Amino acid sequence: MSETDDLVVSASWVAERLNDPDVRVVDVRDAWEYDGIGHVPGAVNVPFDSFRTSDGESGMMPPRENWIDLLAAAGVTPETHLVAYDDTHGVFAARFLVTALYHGHPIERLHLLDGDFSSWTRDHETASASVSVERAEYDPEPPGETPFVGADAVAAASESDAVVVDTRRPEEYAEGHIPGAVNLDWKDLVDEDTRGVKHPDELEVVLGEKGIVPGERVVLYCNTARRISHTFVVLRWLGFAGVQFYEGSLTEWRELGREVVS
């Protein structure tokens, strides 16, 4: 079993671990949704806007001290297995997980609920009462190296045999993109019926059509951090080891005077 086999997990996998003290289920929806609509039993609420910022250390990443305080308040330790979900096919939850990875939480302890809250409610009970947890000590070791790269690395990748992937919508891609980039709309990886990630066999076809195959180095970019985060999580779950992540946006790329083609 690789370190990312459980990066995307089923509702049954989560249900079996709801009482496991080493597992913390995190609901990243707005507080009114968490309180008013209900949530996965035992889940704590860490709204997306609480860790979204434009004043972070890299792109939209929150400063480390803010992130540490947020997760400590949620009762998380560096040994905790984090299971994140939202109600939007997992795209906001994926951003939570990528943020955790950026700040040093081990990838083998990060999990995306396959599907979302609506999918969960089809076969599992929900709760309405807020969950109270004790504050924990949270200060993970900063990673020695990360998949996050800057504009220079992206430019070099576009001139090499790496696959540069634009995860925006096709119409956005058509208006302008990094030279040599292929377009992969993140929702092409989502099964509309299950609201989760498509079966690996289907993903192999979707990705293969774009030249995205195991063994290739892949560099992702977007204009929206959550969309690229979802694609990153799916690729890592599938076993793509060489996936890099440009935290800047195409807007920033243009501002740096970099070439854009259409």
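The values are calculated or read from the model by the stated rules, or taken from the named source; none is laboratory data. Worth saying up front: this structure is predicted, and the values here are computed from it rather than measured. Neighbour counts run over all protein chains shown; Cβ positions are idealised from the backbone, glycine included.
Residues that are in contact with an Asp or Glu (Cβ under 8 Å, 6 or more places away or on another chain) and more than 27 Å from E65 (Cα to Cα) do not occur anywhere in the stretch 14-32. Residue pairs whose Cβ atoms lie under 9 Å apart, separated by 6 or more positions or on different chains, with the first residue in the stretch 149-174 and crowded, with 22+ Cβ neighbours inside 10 Å and the second small (G, A, S) and assigned to a helix (DSSP H, G or I), are V163/A157; V164/A157; V164/S158. Restricting attention to the stretch 67-87 and to residues that are surrounded by fewer than 19 Cβ atoms within 10 Å (Cβ to Cβ) and either among the β-branched types (V, I, T) or in contact with a strand residue (DSSP E or B) (Cβ under 8 Å, 6 or more places away or on another chain) (or both), the residue that is farthest from T146 (Cα to Cα) turns out to be G75. Restricting R52, R24, R17 to those that are assigned to a loop (DSSP other than H, G, I, E, B), modelled with pLDDT of 95 or more, surrounded by 15 or more Cβ atoms within 10 Å (Cβ to Cβ) and out of contact with any His (no Cβ under 6 Å at 6 or more places or on another chain) reduces the list to R17. Among the residues of the stretch 186-244, those that are among the basic types (K, R) and within 24 Å of G176 (Cα to Cα) comprise K187, K210, R217, R226, R227. Hey, any hits in the stretch 92-99 for a residue that's in contact (Cβ under 8 Å) with a residue 24 or more places away in the chain and surrounded by fewer than 18 Cβ atoms within 10 Å (Cβ to Cβ)? No, because not a single residue in the stretch 92-99 is in contact (Cβ under 8 Å) with a residue 24 or more places away in the chain and surrounded by fewer than 18 Cβ atoms within 10 Å (Cβ to Cβ).
There is at least one residue in the stretch 176-196 that is within 28 Å of S50 (Cβ to Cβ), small (G, A, S) and in the same structural domain as F240 (by TED's automatic domain parsing). In the set (1) outside any helix (DSSP H, G or I); (2) out of contact with any strand residue (DSSP E or B) (no Cβ under 8 Å at 6 or more places or on another chain), the condition left unmet by V164 is number (2).
Here's the yes/no breakdown for (1) part of a helix (DSSP H, G or I); (2) under 13 Å from the mean Cα position of the chain (by Cα); (3) of a type in the set (S, T, Y):
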{"residue": "L97", "(1), (2), (3)": "yes, yes, no"}
{"residue": "A100", "(1), (2), (3)": "yes, yes, no"}
{"residue": "G104", "(1), (2), (3)": "no, no, no"}
{"residue": "S119", "(1), (2), (3)": "yes, no, yes"}
{"residue": "E134", "(1), (2), (3)": "no, no, no"}
{"residue": "P142", "(1), (2), (3)": "no, no, no"}
